[in-house]
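Read through the structure below, which is laid out as structure tokens, and then see the notes.
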Amino acid sequence: MFRWILFFVFVILVEVYAFQAIRTVTRLRWVLYAYQIISFIIIMYIAYSFTQFDRSVGQNKQTLFTFGLLLLTYVPKMVIAIVMFGEDIVRFFFGVMREFLGNSNESFLIERRKFVSQAALGLAAIPFVSLLYGMTKGKYNFQVRKKTLYFADLPESFDGMTITQISDVHSGSFDNPDEISHAIDLINQQKSDIILFTGDIVNTHAEEMHPWIETFKRIENPPLGKFSVLGNHDYGEYVTWPTNKDKEDNFNAIKDLHRQIDFKLLLNEHVKLERNGQQIALVGVENWGHNFKKAGDLGKASKGLTPEDFKILMSHDPSHWEMEVKQSHNNYHLTLSGHTHGLQFGIEIPGLIKWSPVQYVYKQWAGLYEHLGRYVYVNRGFGFHAYPGRVGIWPEITVLELKKGEKIA
């Protein structure tokens, strides 16, 4: 009950300030009435949708739309409220000064200035347009990102090996078959030696993937195969299940989805990849997250491997690399992760800025990171979750080329 009180207090404050900005800019009654009616309808719809959330179902199309509408409505209004509150501080300061100087014939608070409200509305248009673009176009703005990594101890036969990585499919959020098909075409166009999928095939339920199985089966089988691991959402732990058996059946069905799309699911195990008599190890662990399920067992997955073996590790959550992998004496040369989605919101301008609020939670949140010659690459995600869009952090298909030798500066 208390959270609902906080929610409505927040809504009232933001709405009051937003309405004051509108009223300062225009006095047209039909505009003011239309604004109030539309705002009221949106508030009631959001409140109603939240009350209808079913813990046995979890995220669905309605919850995605509702959360998107919430952000689309209130992020811009929060911008307006911040500007208008700042104006109120100034108005209060001048009111105090007038009282102090004995100028009490005028109203304590000076009138709002039209240009301030216009500026607030102009600033609010930026997140509004960005969020709207993210929900309509940005979520399918697939980017192919390429990196070349150098390793002195890479076996000669694997010099020039290419890896295509995808992560965080979240198939239950998809709503455009043509865009997903285009993304699959992009994957196939890379002609990589191996394709690796680092977890979260669904949001919660195995049946979310059923409409997309044939689409993902179109991913061509490369020379070294297609492999995958599980992510935190694949365990079905974010909903309430009728029985433990229902949860277990769903988990088994999710694991079988990987077989159905022709990926070999690695469950705390490794395989040897061979070329011209030489081998490297591909290690796949179940989800291991600092704040999420810790089903991954690095020791079990690496049993029989030595520090001298060249190893590629698939581990969904990059906090695993930070907390356990990068300091391991077993020497994991390259770790591939996902999970963060880059929060699906941020700013990336190569060479200038790379920022997202998620960086305050995860040290490694998007792209390549290195520690003493050991690397982790964090894929920004293929799909989307919660917010039905992406702003600045676009869906990613990663292509990594492994080279033998030292990087030339």
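Details
- Tilt relative to the chain, helix 244-260 - C-alpha long axis, 0 to 90 degrees, to 10: 60 degrees
- Distance between the pseudo-spin-label points of Val144 and Ala34 (7 Å out from Cα toward the beta carbon): 4.6 nm.
- Full extension of the segment from Glu111 to Glu220, taken as 0.36 nm per residue of separation minus the current Cα-Cα distance, would add 32.6 nm.
- Of the GluC sites (Glu not before Pro) in the range 80-172, those whose Cβ has at most 15 other Cβ within 10 Å and which sit in DSSP loop: Glu106, Glu111
- Cα gyration tensor, the range 141-404 - rounded (a/c under 1.5), prolate or oblate: rounded
- Each of the peptides 256-269, 141-154 was scored by the mean count of other Cβ atoms within 10 Å over its residues; in descending order, highest first, they stand as 256-269, 141-154.
- Simple Cβ-charge dipole of the chain, Lys/Arg +1 and Asp/Glu -1, about Cα centre, in debye nearest 20: 1080 debye
- Using a cut-off of 32 Å between Cα atoms, the listed pairs Lys363/Lys404; Lys245/Lys300; Lys247/Lys403; Lys61/Lys311 include Lys247/Lys403; Lys61/Lys311 as exceeding that distance.
- Mean residue ellipticity (222 nm) of the chain, computed from DSSP H runs ≥ 4 via -39,500 (n - 2.57), nearest 500: -12500 deg cm²/dmol
- Derived scalar couplings ³J(HN,Hα) [the range 69-76; Karplus, 6.51 cos²θ - 1.76 cosθ + 1.60; whole Hz; x for Gly, Pro]: 5, 4, 5, 4, 7, 9, 5, x
- Each Lys or Arg adds one and each Asp or Glu takes one away; over the other residues whose Cβ falls under 13 Å from the Cβ of Gly138, this sums to +1.
- Mean Cβ neighbour count within 10 Å, used as a protection proxy, ranking 281-292, 324-335 highest first: 281-292, 324-335
- Sorted on the mean count of surrounding Cβ atoms within 10 Å across their residues, most packed first, peptides 68-79, 355-366, 239-250, 163-174 read 163-174, 68-79, 355-366, 239-250.
- Put simply, the amide H of Met314, placed in the peptide plane, has neighbours under 5 Å in Val283, Gly284, Val285, Leu336, leaving out anything fewer than 5 places away on its chain.
Values in this text are rule-based calculations from the coordinates and carry no lab data. As the structure is a computational prediction, the values presented were derived from the model and not from experiment. Note that we place each Cβ from the backbone using ideal geometry, even for glycine, and neighbour counts take in every protein chain shown.
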